[in-house]
1. For the range B:434-460, how many residues meet the condition of being crowded, with 19+ Cβ neighbours inside 10 Å and at the interface with chain A (Cβ under 10 Å from one of its Cβ atoms)?
2. Kindly provide the set of residues from the range A:37-56 that are of a type outside the set (S, T, N, Q), within 14 Å of chain B (Cβ to nearest Cβ), crowded, with 16+ Cβ neighbours inside 10 Å and in a loop (DSSP other than H, G, I, E, B), ordered by number.
3. Pairs please, first residue from the range B:243-270 and more than 14 Å from residue B:296 (Cα to Cα), second anywhere and in a helix (DSSP H, G or I) and among the charged types (D, E, K, R), Cβ atoms under 8 Å, 6+ apart in sequence or on different chains.
4. Given (1) touching a Lys or Arg at 6+ places or on another chain (Cβ under 8 Å); (2) within 13 Å of another protein chain (Cβ to nearest Cβ), identify the lone condition not met by residue B:493.
5. Taking residue A:113 and the conditions (1) touching a residue at least 24 places away in the same chain (Cβ under 8 Å); (2) crowded, with 16+ Cβ neighbours inside 10 Å; (3) farther than 24 Å from residue A:170 by Cβ, which numbered condition does it fall short on, given that it satisfies the others?
6. In this structure, is residue B:166 in contact (Cβ under 8 Å) with a residue 12 or more places away in the chain, part of a helix (DSSP H, G or I) and not hydroxyl-bearing (Ser, Thr, Tyr)?
7. Give the residue that is farthest from residue B:194 (Cα to Cα), with candidates limited to residues of the range B:402-416 that are surrounded by fewer than 24 Cβ atoms within 10 Å (Cβ to Cβ) and not hydroxyl-bearing (Ser, Thr, Tyr).
Amino acid sequence: MRITRTVKYEAERVRGFGREIMAVPGCETLLSCIQCGTCSGTCPLSVYMELSPRQVMALVRADFKDEVLRSNSIWLCASCYGCTVECPREIRITDIMYALKQRAIRDGVYPKRFPIPILAKEFTAMVRSKGRVTETLLVMRLFMKANLMAVLSSWRQGIGLIRTGRFVLKHERIQRRGELETMLAAAARDKEGS
Amino acid sequence: MNAGAGTEIRTGFYICHCGQNIAGVVDCPAVAEYVARLPSVVVSRDYKYMCSDPGQELIKQDIREHNLNRIVVASCSPLLHEHTFRHAVEAGGLNPFLFQMVNIREHDSWVHTDHAAATEKAKALAYAAVRRVRFHTALETKRVSVHPDVLVVGGGIAGIHASLTLANAGKKVFLVEREPSIGGHMAKFDKTFPTLDCAACILTPKMSAVGAHENITLWSYSEVVKVEGYVGNYQVTVKRKPRYVNEELCIGCQECIRACVYKEAKFPDEFNVGMGKRKPIYIPFPQAVPQVVVIDPARCLQVKSGKCKQTCVEACADRRAIDFTQREELVQIKVGNIIVTTGFKLFDAKRIPQYGYGVYPNVVTSIELERLVTSSGPTGGELLLRDGRTPQSVAFILCVGSRDYRTNRWCSRTCCMHSMKLAQLVREHTGADVTVFYLDIRAPGKGCEEFYDKSLKDGIQFVRGRVAEVTDWAVTPEEEGKLVIRAEDTLAGLVRRIPVDMIVLAVGMEPQSDAQDLRRLFNMSCGTEGWFLEKHPKLAPVSTFTDGVFIAGCCQGPKDIPDSIAQAGAAAAEAMALIDRGYIEQEPNTAYVVEEDCSGCKSCIPICPYTAITFDEAKAKACINPALCKGCGTCVAACPSGSIRQHLFEDEEIMSEIEGVLSHA
């Protein structure tokens, strides 16, 4: 049995972190949280989480950045929006989870081989370059990065899908991709300006 | 003793089902059948709800049709419906005291599970009552007039409101306050929750109204020392402490204070809870009512030693308001009702040493902070640390001396809201980070949950966890020079060390230290915690077990200003109901002396809790004033010659009742 010291000092808080998360549109309602636990009770995945959604909310508000960003909880969120619908204070918990995921990716503190952040990154990269997602290619890329063995072990299924024409290896793309780029650039400018 | 000797006793018996309350356990028809066979019983019935109109009608009808002259009802507690049934008996044409009630609900069906045994118990109780009621005699209730004046004890917000309500209705009020000014705790507050309106702005108009009201006699710096009499007719002795200033002559110009031989104010000032300074001659606070100075006998050189230049007297000049010859005075008044609004005292934070109150100068209590943020306070409203810096971070510790088996078990009810209000004020004054350590936030009052929500949105941090200790022991650089709180953040699941500049202890409320003396003085009861006990927690919240004595405000239990005012208004209305009816009907269960048997031993006189017994020197016999007698029976039991008897509790009645219970078994 290993015994570790776990007291939290003030230096471990990252002052202003909670405010930054709450600055994301729709997330400012976190201030009203009364820690009732409805979110954790509603969440179908909270039983797998290191920190329950309620604890995540408490820690964000109290500026415990590392504790939140390093926990698996934000990545297990399946965006079912159950918590957001049930919250008595109308806190957009799912949106806060997204804000936390974005922040974790930006700070590079996400679990490296965990499929969910990889999927998120690949998904946005594909939309950004092609304007549309080709699911088969997205899944391929996800497996390549997250778990190469899984791709190799399911080769039989792959061949079957190719035969039936369900495994498209050609990228789907939109027309006038330049307009998408303009839109994304405008959105990025908007975000910086806010 | 059998009234109407020679007349046949004809008893009617009624057993109530009380829905399923009684009938669910006791076999009511079986009891009725059993009683029907008893001697002297003419009618015996069971009915679903005896207290209902048809139930009462049943009694009235049977009295007429069967010529009944005794009635027994087996149902709930006499406390609830004795009055109802006596009324029905009277309406049926009988004297209401030819009636006996049997409690087979609280004493039987509600406390037993064995149906057969409970039914047998009901039969035994019914048999006892049927035997007893034979000896009942016709009695008359007496009427006593009610003196229209009212005494209000304690000049906090509750006492002020009760006095004004009565005075505005044209009743004469004596308001007695122990301190030199009325105003109580509320006068010390800066703002009030949840509206954040200025406490002084809403309180001082009421205080001046009391001072100026023609129907209110205000005796500040005075205490009630003796209460005699009974509802409607109390004689009260009030001790007026010498303030060495004639209240009639002083106009509150304060020239004397400026002229005092003590050039500097150097004595701790009570109004600022010891944080400000005053002279031996002072006015408690600018808006004090009455606007009359007071001399502190423990500090004034003239009072203490008789050796002073008396510059104050010189300054007062022709007005001659200062009077060192004043002595304690006892004044007697007559009132019909008394309203007790003696308030609370604050928990002494030193009793929880781990919070460092009295050790670390920047650990303060909530009332001290209140004085520190108010512009009339010792710092003029500037919130500073003891070294003059502005605090950057302030923590509140809630439930200090509340919800703790080792100090006080109760919730003081106001500290959550009081602390959130102060937290807002701290942020307004200093912009400091505020953290509130709480066990539960209790904000049930109107507008209070909204205030909590506002506090959350304003960024006040709430940490759920009871603080374990406060130290100045720094283990990290950021903790240097700070007070460090160690607590579990139970919601985050972390044990945390939090350094702050200032700590505010939200101290709870306690009964006044002399609450027990007051209880005896006014013949009230106290709950186990020491708060004055109301007659019924729901149905008679401002009445006490002594008729004509009412309670309001925090002497009954912790409460906020709106609740105190509501109770004060209720107490005033209760008093007015008695005054405007003009008379009291007295239960005729009083004790009386059979003079030929009285030996004049006087043993009954000191034991009477209501001082109802006097000694008739001419006859050398004890004499009971029926208006004062409450029918407690103490003297009846104590009389060595058995010469004191009691209506409704005559020996024959009690003995036959006991025989009834025992002979059934």
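The values are calculated or read from the model by the stated rules, or taken from the named source; none is laboratory data. This structure is a prediction, so every number in the text was calculated from the model and none was measured. Please note: Cβ atoms are built from the backbone with ideal geometry, for glycine as well, and neighbour counts cover all protein chains shown.
1. Total meeting the criteria: 6.
2. Our first condition is that a residue be of a type outside the set (S, T, N, Q); within the range A:37-56, this holds for A:37, A:39, A:41, A:43-45, A:47-51, A:53-54, A:56.
Remaining after also requiring within 14 Å of chain B (Cβ to nearest Cβ): A:37, A:39, A:49-51, A:53-54, A:56.
This time we only want the ones that are crowded, with 16+ Cβ neighbours inside 10 Å, so: A:39, A:49, A:51, A:53-54, A:56.
Across the range A:37-56, the qualifying residues are A:49, A:51.
3. B:249/B:319; B:250/B:319; B:251/B:319; B:259/B:314
4. Result: residue B:493 fails condition (1) only.
5. Of (1) touching a residue at least 24 places away in the same chain (Cβ under 8 Å); (2) crowded, with 16+ Cβ neighbours inside 10 Å; (3) farther than 24 Å from residue A:170 by Cβ, only one is false for residue A:113: (2).
6. yes
7. It comes out as B:406.
Residue by residue, here is whether (1) assigned to a helix (DSSP H, G or I); (2) free of Cβ contacts under 8 Å to residues at least 12 places away in the same chain; (3) more than 9 Å from chain B (Cβ to nearest Cβ) holds:
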| residue | (1), (2), (3) |
| --- | --- |
| A:1 | no, yes, yes |
| A:5 | no, yes, yes |
| A:11 | yes, yes, no |
| A:14 | no, no, yes |
| A:35 | no, no, no |
| A:58 | yes, no, no |
| A:67 | yes, no, no |
